[in-house]
Amino acid sequence: MGARKIIIDTDPGQDDAVAILLALASPDEIEVLGITAVAGNVPLALTAKNARIVCELAGRSDVPVYAGCDRPLGRKLVTAEHVHGKTGLNGPVLPDPTMPMQQEHAVDFIIDTLRIHDNGAVTLCPLGPLTNIAMAFEKAPDIVGRVAEIVLMGGAYFEVGNITPAAEFNIYVDPQAADIVFKSGAPITVMPLDVTHKALVTRPRNDAFRALGSRVGNAVADMTDFFERFDKEKYGSEGAPLHDPCVTAYLIRPDLFSGRHVNVEIETQSELTLGMTVADWWRVTNRAPNAMFMGDLDADGFFDLLTERLGRL
Ligand SMILES: [Ca+2]
């Protein structure tokens, strides 16, 4: 079959960083064509810088990194320094990147890449607000039908919200973009909080990263140590959820995840529930299914895979 060609669209973010590292550690299954940065957890200048820091940490300064949209389609940017720290990558001490930013805009890179590859050859992996993807679909509607699959982290059903009582952060930041993507007709697989809140970095799992004894292992352990302080206080759970790596783990081991193919609509109007992913989990409407909405994962299998792959870097 060969490796799946992907574009990672991201707002790093410690968990984005781990997702990227997992992809770069898995060349037999995943070929990263490029990384596109978007404003989200922190402003664009920082996410574009952090994406390059992560590539260099993986020893992959050859991966092209593009800067995209610096704000949502129709709203002011909401960021999450309260979770990720001022830089977005607080925790480990990592050097500033020396690899260049690509000159092309991320949206144009997404459009061009989908056009030059075979129909259905490229998978999009959004790990942040969906602004870049929606912009690309609006600017070049011809590419929508060429997308193999969109595998994204965002939304929630049973877990409801983490930035408001009703909404998950990535969808809340740009609900208009999410609405465009979910209505696009492209095949979508969603990793909502319902799954990612089961991917908890417990103490033994954090120790396993550190026990790799490598630069990458220590950096990942420092990152998860950092945001654990916030999440434990918030959720009272046994560790912090590792959201975004669920996306890249799914590309390698889809058997670790289970869910339902259902209709998912995005709330774009209500002030109270803006950005809510209204998933028809119980199939109580006749709205057409548009997304594979995941609900469970094999957490031990997920962390075994992650630790083993990080050990290859
Ligand atoms: Ca993210």
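Here, each number is a calculation from the coordinates, and none is a lab measurement. Since this is a predicted model, take the numbers as computed values, not measurements. So basically every Cβ, Gly included, is an ideal-geometry build from the backbone, and we count neighbours across all protein chains shown.
Over the chain, dividing the summed -39,500 (n - 2.57) contributions of all DSSP H runs of at least 4 residues by the number of residues returns a 222 nm mean residue ellipticity of -10500 deg cm²/dmol. How many percent of all Cα-Cα pairs in the chain sit more than 37 Å apart? Beyond 37 Å sits 7 percent of the P(r) for the chain.
The distance between label points at LYS183 and ALA3 comes to 3.7 nm (points 7 Å beyond Cα on the Cα→Cβ vector). Using 0.36 nm per residue and subtracting the Cα-Cα separation, the extra length available between ASP142 and ARG203 on full extension is 17.3 nm. Database remark: amide H of THR36 closer than 5 angstrom to the amide H of ILE8, ASP9, THR10, TYR66 (H placed geometrically; neighbours at sequence offset of 5 or more, or on other chains; Pro and chain starts carry no H). Here the label points at ARG253 and ARG215, each 7 Å from Cα along the C-beta direction, are separated by 2.7 nm in the simple model.
Under 12 Å Cα-Cα from LYS5, which aspartates and glutamates qualify once same-chain neighbours fewer than 8 residues away are excluded? Filter leaves ASP28, GLU29, GLU31, ASP118, GLU149. Listed by Cβ neighbour count within 10 Å, with the fewest neighbours leading, PHE257, PHE158, PHE109 appear as PHE158, PHE257, PHE109.
Assuming R0 = 45 Å, what is the FRET efficiency of ARG260 and SER61, from their Cβ-Cβ distance, to the nearest 0.05? According to the calculation, E is roughly 0.65.
Taking R0 as 35 Å, what's the FRET efficiency between GLU233 and ASP96 from their Cβ-Cβ distance, rounded to 0.05? Spell out each step's value before the answer.
Numbers: r = 30 Å, r/R0 = 0.87.
The computed FRET efficiency comes out at 0.70.
On the basis of the beta-carbon distance and an R0 of 41 Å, GLN269 and GLU104 show a calculated FRET efficiency of 0.75. Segment THR87..ARG287, full-extension length gain: 67.9 nm, with 0.36 nm per residue of separation and the alpha-carbon distance subtracted.
Arranged by the count of other C-beta atoms within 10 angstrom, fewest first, what order do CYS69, CYS125, CYS55 take?
Details: CYS69 26, CYS125 29, CYS55 23.
Fewest-to-most ranking of CYS69, CYS125, CYS55: CYS55, CYS69, CYS125.
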